[in-house]
Amino acid sequence: MGDPMKIRAKLEGDIADVRVLMAHPMETGQRKDAAGKVIPAHFIKEIRAELNGKVVWTADISQAVSRNPVFAFKVKGAKGGDKLRITWEDNTGDKRTDEITLGS
Amino acid sequence: MDYTRRGLLRGAGTAGALVAAFATGALRPADVFAAWNKSAFDAKSTADAMKALNVAGAADSTDIVIRAPDIAENGAVVPIDITSNIPGTESISLFVDKNPFPYVGTFDVAKGAMPYVHVRVKIGESSNVRAVVAAAGKYYQAAKEVKVTIGGCGG
Amino acid sequence: MKHALVLCAALGLAAGLAGQPVSAQSEDRTAAEFDKFREVLEEANPAELWEVKGEALWKTKRGPKNASLEQCDLGLGPGVVKGAYVQLPRYFEDTGKVMDVEQRIVHCMVTLQGFKFEDLAKAPFSRGDYTPDPVSLVTYVAGQSREMKIAAPQSHPQERATYEIGKQIFFYRAGPWDFACATCHSEDGKRIRTQNLPNFTKPGESAARGYIGWPGYRMTGGVMHTLQWRMNDCFRQQRFPEPGYASDTIAALLTYMAVNANGQTYRGPGIKR
Amino acid sequence: MNRAIVFAGLAAVVAGCAGMQGETAYHEQAVAMMKRDFHTRGIAQVDRLNQDELQRVCTQYGDHPPADVEKRLEAVEMASIKLPADGKYMGDWKRGQRIAADGRGMTWSDKPGVSGGSCYNCHQLSPRETSFGNVGPSLRAFGKTRGFTVENQKYVYQRVSNSKAFVLCSAMPRFGHSSTLTEEQIKDVVAYLMDPNSPVNQ
């Protein structure tokens, strides 16, 4: 279970402008440590965003996404009080879910 | 939260069949989650990755707008905005042609998101970044060059 | 991904844009492009992740004394975090000296929570996946002064004396390369390689340029650093011996820098190349 | 720099008025504070805080000492330069290029005896290198502009070896005096600036 995400959303009409920050090393598996040993790959593979429990946005990503990933996307049909929940899962099976209430 | 993701997403009973069905699948409408497309992510060229995703031959389109720096300050964190003005856009995929593994990922917007994404990626050397959009069963693409300098020991 | 990404170009000529003579004009264009996308990056700065972490650390009962930091006095009274960062360094009665933010937080961790200074000073800088607690705490505290004006006080005689001592340290030339801070940081428009060098001797916008971006998320390595790290690494590059972590020397230098930045707006934890 | 004037003035006042919080008193407190707070790490020994006469004078006068002091100490620095015994100033420009780009040396994270010249940190040299600093002047086409003469080779050798022999409070390190660069390395840097085939002169 990773560190908490930071989710921000701004409502513009019925569109939620979402920014999410995730704490993750996004290790490529190509780098070596100081001792010359390859640092194993460790990266988020899948992300999904749910609005009131319904999946509205998903991403399948690779280790080419920067360390401590940042994404922005826009969800349609949102209103104040809606629950926005984001979940990621990495290549080791670790996952993390965080939720915010829109317009709060 | 404590649930098994595969079970939640696909229903435990049909997961295997669906994985098989989508293992070579294209950037399809988001009825179900696709399996993370290993062969596309492992591809060493954009062309091979696009083949693995069944989107080879995507048509050039000026309706895909890529906003990325002409010169990136740091190749470790290159901000990229992609907006598709193609009606019926279902997903946006991103490639960095010169990266050892060019396929960065696919953002599925069909189930309730706008055809837009902001993402930050690693770019090893000056390269085209390429967006491929799936819309109404067709595929479109656009590219933009990003130069990467390796500066001094800044801080 | 290429390992070269995270390496300094220590050897050989830097790659990229090879063969093209650089004109002043193209340098300006590059700088403008960096600035434009720096703004994009700042719209969602991973530093916020450490603000979240630091807030939890601040409010959680921890350490041998099982206490939170909610009674820590950062200068505006016990527990007042809002606006404290932009009014540091400042003089503290209880210690009888001027302290900077990290020195003060560490002081609170020692006195309120019972941590040992030696333990906190053992590995005080971020590396890889490791972030020392004071770094997260400083990031949280700094984030609570967003959009406020820098107002490092100079009302107490000790605060004025500390500014003068910091200035002396800033101009002190020594070491095998004869460097002072001032050698690289006392003129406008200077660069080491492509890295801009803020002029800390000119009060106002110029001095603030090098001060207000901290603590900062460093894109290279993807770690969070505070001014303690920045000062430490400056002295390393100055070819000096190593300054003590959270030492009075650093508090004095930061006083000189903060006071020269007074009146400028603090925009919160920054993002660095 | 008016700082020098202020300093000189205050120094005179403070001399006859011990305990006054003038610049000298602050200076002494600053030095005492640093001596308390710094420690040896790796090759960076704590005695690096001790200033030699040049460093002391440049600090005291804000890098603008009185002309007589400046002349006297520049002569001392000039006399300390050891010219190559074989009378040759030029080495290999290709090695010189690597030395010019190499920013290592003398920090607590460096190994002893491993140093470059950090030239690109402060100077433009080859037009092909776009990552260069501007703390020092551009040295593009240096030999071509100044002339490929032995006198100029000697000048570059001396300047790299001990810049302070020319401008006492120059920002440039004394690469020979501080044993940062060896005689051979300095010759290679001279060649990088003075060899007609060096990219610097293209």
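Taken together, the values in this text are just the output of simple stated rules run on the coordinates, not laboratory data. The shown structure was predicted, so the numbers you read here are calculated from the model rather than taken from an experiment. Cβ: placed from backbone, ideal geometry, glycine included. Neighbour counts: every protein chain shown.
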> What order, most packed first, do the peptides D:187-200, B:79-92 have when packing is the mean number of other Cβ atoms within 10 Å of each residue?
Replying inline: D:187-200, B:79-92
>> Using a Debye calculation, one point per C-alpha and no hydration shell, please list log10 I(q)/I(0) for the protein assembly as shown at q = 0.07, 0.08 Å⁻¹ in order.
In response: -0.57, -0.73
>> For the pairs A:Lys10/C:Lys190; B:Lys38/B:Lys138; C:Lys97/C:Lys202, flag any whose C-alpha to C-alpha distance is greater than 30 Å.
In response: A:Lys10/C:Lys190
> Using modelled backbone amide H atoms (1.01 Å from N, in-plane), which distant-in-sequence or interchain residues come within less than 5 Å of C:Lys190's amide H?
Replying inline: C:Leu197
> Can you put D:Val135, D:Val76, A:Val70 in order, fewest other beta carbons within 10 Å first?
Replying inline: D:Val76, D:Val135, A:Val70
> Taking the Cβ-Cβ separation of A:Asn52 and C:Lys65 as r and a Förster radius of 45 Å, what is the calculated FRET efficiency to the nearest 0.05?
Replying inline: 0.55
> Taking N as the number of residues in chain D, what is its alpha-carbon radius of gyration divided by 2.2 N^0.38 Å?
Replying inline: 1.18
> Just for the Cα atoms in chain C, what are the lengths along the principal axes, largest first, rounded to whole Å?
Replying inline: 62, 42, 36
> What residues have an amide H closer than 5 Å to that of A:Lys45, excluding those fewer than 5 places away on the same chain, when H is modeled at 1.01 Å from N in the peptide plane?
Replying inline: A:Glu89, A:Asp90, A:Asn91
> Roughly what would the spin-label model give for C:Glu93 and C:Gln154, points 7 Å off Cα along C-beta, in nm?
Replying inline: 2.5
>> Can you compute the equivalent ellipsoid semi-axes for segment D:81-126, i.e. the square root of 5 times each eigenvalue of the Cα gyration tensor, sorted largest first and rounded to whole Å?
In response: 21, 16, 9
> Given a Förster radius of 60 Å and the C-beta distance between D:Ala85 and A:Lys76 as r, what FRET efficiency does 1/(1 + (r/R0)^6) yield to the nearest 0.05?
Replying inline: 0.15
> For the pair A:Leu11 and B:Lys138, how long in nm is the line joining their label points, each one 7 Å along Cα→Cβ?
Replying inline: 3.7
> GNM, chain C, Cα, under 10 Å: largest mean-square fluctuation among C:Ile165, C:Ile250, C:Ile105?
Replying inline: C:Ile165
> If you average the sequence gap of Cα pairs under 8 Å that are 6 or more apart and divide by the length of chain A, what percent do you get for the contact order?
Replying inline: 33
>> I'd like the FRET efficiency for A:Gln30 and D:Glu184, computed as 1/(1 + (r/R0)^6) with the beta carbon distance as r and R0 of 30 Å, rounded to 0.05.
In response: 0.20
> Residues of B:89-98, mean number of Cβ from any other protein chain within 10 Å of their own Cβ, rounded to a whole number?
Replying inline: 2
>> At 0.36 nm per residue, and after removing the present C-alpha to C-alpha distance, how many nm does the segment from D:Asn50 to D:Ala141 gain when stretched out fully?
In response: 28.9 nm
> Over segment D:93-201, what relative contact order in percent results from Cα pairs under 8 Å that are six or more residues apart?
Replying inline: 33
> Order of C:His225, C:His156 from fewest to most other C-beta atoms within 10 Å?
Replying inline: C:His156, C:His225
>> From the P(r) of segment A:39-104, could you give the percentage of C-alpha pairs in the tail past 17 Å?
In response: 44
> For chain D, modelled as a GNM with alpha-carbon contacts under 10 angstrom, which of D:Gly116, D:Gly96, D:Gly87 fluctuates the most?
Replying inline: D:Gly87
> Which one of A:Ile86, A:Ile39, A:Ile47 has the biggest mean-square fluctuation once chain A is modelled by GNM with Cα springs under 10 Å?
Replying inline: A:Ile39
>> I'd like the mean, over residues of A:48-58, of how many other protein chain beta carbons sit within 10 Å of each residue's own Cβ.
In response: 5
> Within 10 Å of each Cβ of A:24-32, how many other protein chain Cβ atoms are there on average?
Replying inline: 4
> Where does each of C:Trp177, D:Trp108 land when they are ranked from fewest to most other beta-carbon atoms within 10 angstrom?
Replying inline: D:Trp108, C:Trp177
